[in-house]
Amino acid sequence: MEPLTWTGNLSFLNLPLQTAAILFFILALLQILAGFVPQRGSTIYHDSTVAGGPGLHGWSARLTLWSFYLVLLICAAFLVLGMLMGTSGGIIGAVSRQFVPVWVALAITFFLSLRYRRRLGLYGKLFDSTIGMVGFGLVMFWVFTAIFAGVFDMIYTHAPLEQASGMKNKLPGTPMNGAEAEDFQWYLFGGDNLARDVFSRMVVGSVTVILIAPLATIFAFMVGITLGLPAGYYGGRLDTVLSFSANLILAFPVILLFYLLVTPEIRESGLPNYMAVVLFVFPLIFLGVLINSRFHTQPQKNTLFLVLALGIGGWLYLTLVSDQSSVIRLLPSSLDFFNIPGGILVVFVSVVFVNSPTVFRIVRGLAMDIKTRDYVAAAQTRGEGPWYIMLWEILPNARGPLIVDFCLRIGYTTILLGTLGFFGLGLPPESPDWGTTINDGRKLLSIFPHPALAPALALLSLVLGLNLLADGLREESLKD
Amino acid sequence: MTKITDYDGPVLEIDKLSISFFTRLREIPAVMDFSVAVQPGEAVGLVGESGCGKSTVALGVMQDLGVNGRIVGGSIKFKGRDMSEMTQEELRDIRGNEIAMIYQEPMASLNPAMKIGKQLMEVPMIHEGVSKEEAHARALEVVTDVKLPDPKRMLDSYPHQLSGGQQQRIVIALALMTKPSLLILDEPTTALDVTVEAAVVELVKDLGKKYGTSMLFISHNLGLVLETCDRLCVMYSGEAVERGSIEDVFDDMRHPYTQALFRSIPLPGADKNARPLVAIPGNFPLPHERPDGCNFGPRCNYYMEGRCDQGYIPMDEVEGNERHVSRCLRMTEIDWDAPPEVAAKAEKPAVGEVVLKMDHLKKYYEVAANALFGGGEKRVVKANETLSFEARESETLAIVGESGCGKSTFAKVLMGLETATDGKIMMGDEEIQDVAIQDRSTETISSVQMVFQNPFDTLNPSMTVGRQIIRALEVFGVGESDADRRQRMLKLLDLVKLPRAFADRMPRQLSGGQKQRVGIARAFAGDARIVVADEPVSALDVSVQAAVTDLLMEIQRENKTTLLFISHDLSIVRYLSDRVMVMYLGHVVELGTTDQVFAPPYHPYTEALLSAVPIADTSVEKEHIVLEGDIPSAMNPPPGCPFQTRCRWKDKVAGGLCEQKVPPVRTLEDKHQIKCHLSEEVLASMTPVIKIAAE
């Protein structure tokens, strides 16, 4: 087997790409310089509007944009042709072929969303903003990757823990040593220092991130909302106490806290489990109050919904927190169907714990603002309970800033997860998540940069996507 | 930098001005074919409802239309020079130097981080390059001119240390620093209380005379324009529809919109049965949905198909009057003196049993001097002081007073959002003063409901209109099933004359008046017996106000509701209420039937309030009573009578009694109550404030 080059038979596109890229840089530079040249020949109308041709600066700006589009077009050609050619298109072709399910899913999502965007509310409006679309595309790329890799075992080429002799620190595109006929024949992004496939580990690593980050953020929001609403709505002593505790948690060094939580002594004492017991109960409270405040005027419906929600939620809660091997054994093992591995639980608990005070403060501020509105007074004067007002009158009207913050916060959480993995906190050392792999690759960075680069770029693109998505959402929600 | 001198023509001449705003979708014409001329020393009023383009004209004159706005036709000449031909430098000289502008919100015009004196001194230092000392002297002079107490201390304070009225005076001083030839006032008093407004208007008038400044006065309040201006221009949907001298336009109007506008505002001088309110039907057209021909056509009583809906309608001279023009094709055909057609007025049902009784109600708030640790000295804010009154079935009791008089606190205690400090509230035979809302029975709650002031705030923006009414029905336990409640909700929409399709709309798709109707429907969801209406129409446009007021009264007639109508607008109070209660700093200073309160003997505060209300009727003569100073803070009320700091009758009471003792409530004839030390003779000697000149 020949080692794969980066572009393989696609190399005829290399020259155009280089030319286009160089052209783009030169034009961008020219555009800046042209900005210094004063423009002549403009006419000033009586209403003091100025009109004139685009001038030197205008033309160079247009050319820059076109050359940028050219670069993008060639990059797209690489991906599309690579998808068709597979491994004969070099590493790029092979990778593009591996991601076919993701491309298809993305294409379907974008087609449907663009088609029906006028009926989709805020989500549909996202497709009016380029930045939002780019962000959404990046995020959905990793979401689909995680789904296909985690659920259907697609996309990745080798098992993330599988080692092959002679593949240690091999460069991208190296043929696999001693590959069977049914094996994938190359290590696309090379091998790491334990001779595992970097590409596969990067793909599988996305599963951990995509699973934990949004879920932990949702939990942090539940905690923050359930505490922030009453703090903002009631104010007074309750607010003072809660805000002070939030400040206390925020002032505590995060990394130190994580180190503490994973210390074996503390883990054995069951502190993370106790924290889980407390933190995980908030969504349950939230759900119960949400339903009760809304339907208490219709007792029949109320009971039905409450039993359903609290029954299912309660059972989930109990199975989540009780673990036969830890201090908390609330359920008999016959009813306890699944356990979260101890490491993941610690990561989850710490991320929720660190994020919820910030959410708390945002929600508190919003609640303090919105509670002065007349519709809140109207609800009070028709005798609504405080929780109905908080959850159905205040919260829906605070959703704009909260949705934006939610997107940003998933980004922070992703980075936090990376940090945790990097320090080897919580997750097992062989875990393929991005933080751990970056830490592994870091040691030989000056000789073999590729094992660390792949997960680092993956992390970067996901967080960038989330931030762009938040920008797009903010922009579009302001326009409403 | 000198001023343009030696010019005798009009200070400002706007000729066929058209201004458009450009959005991504379309061009939105904001002002079309607008002409007006302001002569030296003249005050011209610009009147119209919100969205008619009056502020855009002002911005156009300042050449400050932002990125999207552009003048698309016509010219603006300032002292004979076309402003569009001036360079940026010339314009900068003129702004602030020759043309000054005063905005609605005083706090937004002042820099909160800069002392007043510095802000004032900056103006001549920039425009005329004078020395610091001279600028300071000028600032002191102007601050004295705007009648602020203790000018030296004023110069040394920050904007937030002053009250709203004082801030607006500073803004006026700021505008007058350079002795401009033209002053543009954009709703300068809308954010102020009535008595403060009266004082500010008086000041502006005097200063205009003193400095010889021409004024362009933008307002939605016809009464205010009558008091301040010499000439008037009425705008509707981007066009000037009528222009002329105050007398001509008020008494000899020649445009159906002007007429409709006058007929839709209540006048305190007129009898409510002889001159009922006539609402203007329909809604204000959106700028991009204006009809062909006359913009007012679809809402006009004199509309003629085939004539009014075609082509361009020019401004035409009104025969017999000087400089009086109107944009109406049928000007000469319409009988302008014909009385308005009025549907048969339903008789009001007789006033019934006592529904609500307040007995020496008190509400005090304790405010800790040191908020952080709760310790230290506690101060008591007396928000309501011995409130006693009765309200009967199908009666309208108006509660009148300016901000800080305790009307809102009273509403809160009645609704159960706060509990009373002392005294009794009897609803039927139930005592509710100590029962907070969560302890009240559903029946009690649903029988006392409230209509709120701000239509843009009264509905939850993220719930459909129907859902919000259904929720009220659910909470009040009305209806058997969801379907039943939906049916009732639709009936409630019928009641407030909204189309049933509105049930599935979001509040943002409704206009202000429509939202207020939904608010009324919601209040009546549980068959309320008592409805507290907290300034329900003050935030609405004039033409919509009449319709909403009539609706409230109609529902009241049908349901025999007791209406507690909180307002500061005495015109509307006179129009709809049976009895009036005047409040000042938590005290009820006067209580009686509408006729008693609006005729002497007055409480001195009522007298001042009546005099302060601008009345849009040239046949009304008012006595001018300008109150000195501002309303004292409830945190630190004056000793003795609450009104003694501003009372003009104080010297008629011997021995300084006003400063020592709170006056007792005295009952004059027919249960007319007044809280005042004045003797019977003095009270009897009072003359009516509002007189209708014999015609």
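The values are calculated or read from the model by the stated rules, or taken from the named source; none is laboratory data. None of these values were measured; they are calculated from a predicted model. Cβ atoms come from the backbone with ideal geometry, glycine included; neighbour counts cover every protein chain shown. The protein model used for the area step is the full one, side chains on, heavy atoms only, and it has no ligands, DNA or RNA in it. Shrake-Rupley method; radii C 1.70, N 1.55, O 1.52, S 1.80 Å.
Things to note:
- Condition met for A:S165 (polar (S, T, N, Q), out of contact with any Asp or Glu (no Cβ under 7 Å at 6 or more places or on another chain), surrounded by fewer than 18 Cβ atoms within 10 Å (Cβ to Cβ) and part of a loop (DSSP other than H, G, I, E, B)): yes
- If you check A:L238, A:L242 for being at pLDDT 90 or above and open to solvent by 50 Å² or more (accessible area, probe 1.4 Å), only one passes: A:L238.
- The single condition among (1) at pLDDT 80 or above; (2) over 30 Å from B:A37 (Cα atoms); (3) basic (K, R) that B:R169 does not satisfy is (2).
- A:V223 surrounded by 22 or more Cβ atoms within 10 Å (Cβ to Cβ), assigned to a helix (DSSP H, G or I) and touching a helix residue (DSSP H, G or I) at 6+ places or on another chain (Cβ under 9 Å): yes
- Annotation note: of A:G418, A:G365, A:G424, the sole residue that is away from chain B (no Cβ under 13 Å), crowded, with 21+ Cβ neighbours inside 10 Å and out of contact with any strand residue (DSSP E or B) (no Cβ under 8 Å at 6 or more places or on another chain) is A:G418.
- Residue under evaluation B:Q104, criteria (1) assigned to a loop (DSSP other than H, G, I, E, B); (2) out of contact with any strand residue (DSSP E or B) (no Cβ under 7 Å at 6 or more places or on another chain); (3) modelled with pLDDT under 80, criterion not met: (2)
- Flag if B:F502 is within 21 Å of B:P536 (Cα to Cα), part of a helix (DSSP H, G or I) and more than 8 Å from every other protein chain (Cβ to nearest Cβ): yes
- Pairs linking a residue in segment B:486-509 that is closer than 15 Å to B:L473 by Cβ and touching a residue at least 12 places away in the same chain (Cβ under 8 Å) to a residue that is of a type in the set (S, T, N, Q) and open to solvent by less than 90 Å² (accessible area, probe 1.4 Å), with Cβ atoms under 8 Å and 6 or more positions apart or on different chains, are B:A503/B:T464.
- Subset tally (residues that are facing chain A (nearest Cβ under 7 Å), surrounded by fewer than 24 Cβ atoms within 10 Å (Cβ to Cβ) and hydroxyl-bearing (S, T, Y)) for segment B:456-477: 1
- Meeting the requirement of 3 or more residues that are more than 14 Å from chain A (Cβ to nearest Cβ), the strands (runs of 3 or more DSSP E) wholly within segment B:381-455 are B:396-400, B:422-427.
- Residues being among the polar types (S, T, N, Q) and open to solvent by 50 Å² or more (accessible area, probe 1.4 Å) - total across segment B:554-573: 1
- Note on segment A:391-404: residues that are without any contact (Cβ under 8 Å) to a residue 40 or more places away in the chain and either open to solvent by 20 Å² or more (accessible area, probe 1.4 Å) or facing chain B (nearest Cβ under 9 Å) (or both) total 5.
- Only one of A:L290, A:L248, A:L261, A:L279 that is assigned to a helix (DSSP H, G or I), surrounded by fewer than 17 Cβ atoms within 10 Å (Cβ to Cβ) and either at pLDDT 85 or above or hydrophobic (A, V, I, L, M, F, W, C) (or both): A:L248
- Looking only at segment B:643-695, and only at residues there that are among the small types (G, A, S) and open to solvent by 60 Å² or more (accessible area, probe 1.4 Å), the one that is nearest to B:V620 (Cα to Cα): B:A694
- Residue, farthest from the other protein chains (Cβ to nearest Cβ), within segment B:527-536, restricted to residues that are in contact with a Ser or Thr (Cβ under 6 Å, 6 or more places away or on another chain) and open to solvent by 10 Å² or more (accessible area, probe 1.4 Å): B:R529
Here's the yes/no breakdown for (1) open to solvent by 40 Å² or more (accessible area, probe 1.4 Å); (2) at pLDDT below 85; (3) within 14 Å of chain B (Cβ to nearest Cβ); (4) farther than 14 Å from A:T226 by Cα:
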site	(1), (2), (3), (4)
A:P283	no, no, no, no
A:Q298	no, yes, yes, yes
A:S356	no, no, no, no
A:I370	no, no, yes, yes
A:R373	yes, no, yes, yes
A:V376	no, no, yes, yes
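- In segment B:186-203, the residues that are over 16 Å from the mean Cα position of the chain (by Cα) and open to solvent by less than 10 Å² (accessible area, probe 1.4 Å): B:L203
- Top-ranked residue of segment B:510-520 - restricted to ones that are away from chain A (no Cβ under 12 Å) and more than 10 Å from B:V465 (Cα to Cα), ranked as surrounded by the most Cβ atoms within 10 Å (Cβ to Cβ): B:R517
- Annotation: of all residues in segment A:379-390 being open to solvent by less than 10 Å² (accessible area, probe 1.4 Å) and farther than 15 Å from B:A436 by Cα, the one that is farthest from the other protein chains (Cβ to nearest Cβ) is A:M390.
- Hey, B:A634 in contact (Cβ under 8 Å) with a residue 24 or more places away in the chain, part of a loop (DSSP other than H, G, I, E, B) and touching a helix residue (DSSP H, G or I) at 6+ places or on another chain (Cβ under 7 Å) or not: no
- Residue in segment B:656-663 that is of a type outside the set (S, T, N, Q) and under 19 Å from B:T195 (Cβ atoms) present: yes
- Considering residues of segment B:480-495 that are open to solvent by less than 60 Å² (accessible area, probe 1.4 Å) and farther than 30 Å from B:M426 by Cβ only, the residue farthest from the other protein chains (Cβ to nearest Cβ): B:L490
- Of all residues making up segment A:40-77, the number that are modelled with pLDDT under 80 and either hydrophobic (A, V, I, L, M, F, W, C) or touching a His at 6+ places or on another chain (Cβ under 7 Å) (or both): 4
- Just one of the listed residues (B:L110, B:L65) is within 14 Å of chain A (Cβ to nearest Cβ), aliphatic (A, V, I, L, M), more than 21 Å from B:P10 (Cα to Cα) and in contact (Cβ under 8 Å) with a residue 12 or more places away in the chain, and it is B:L65.
- In summary, B:M235 fulfils each of the numbered conditions (1) more than 27 Å from the chain's Cα centre (by Cα); (2) in a strand (DSSP E or B) with the single exception of condition (1).
- Any hit, segment A:360-374, residues being in a helix (DSSP H, G or I), among the basic types (K, R) and out of contact with any Gly (no Cβ under 8 Å at 6 or more places or on another chain): no
- Across segment B:31-90, the qualifying residues are those that are within 27 Å of B:G244 (Cβ to Cβ) and of a type in the set (S, T, Y), and the one among them that is most open to solvent (accessible area, probe 1.4 Å) is B:S50.
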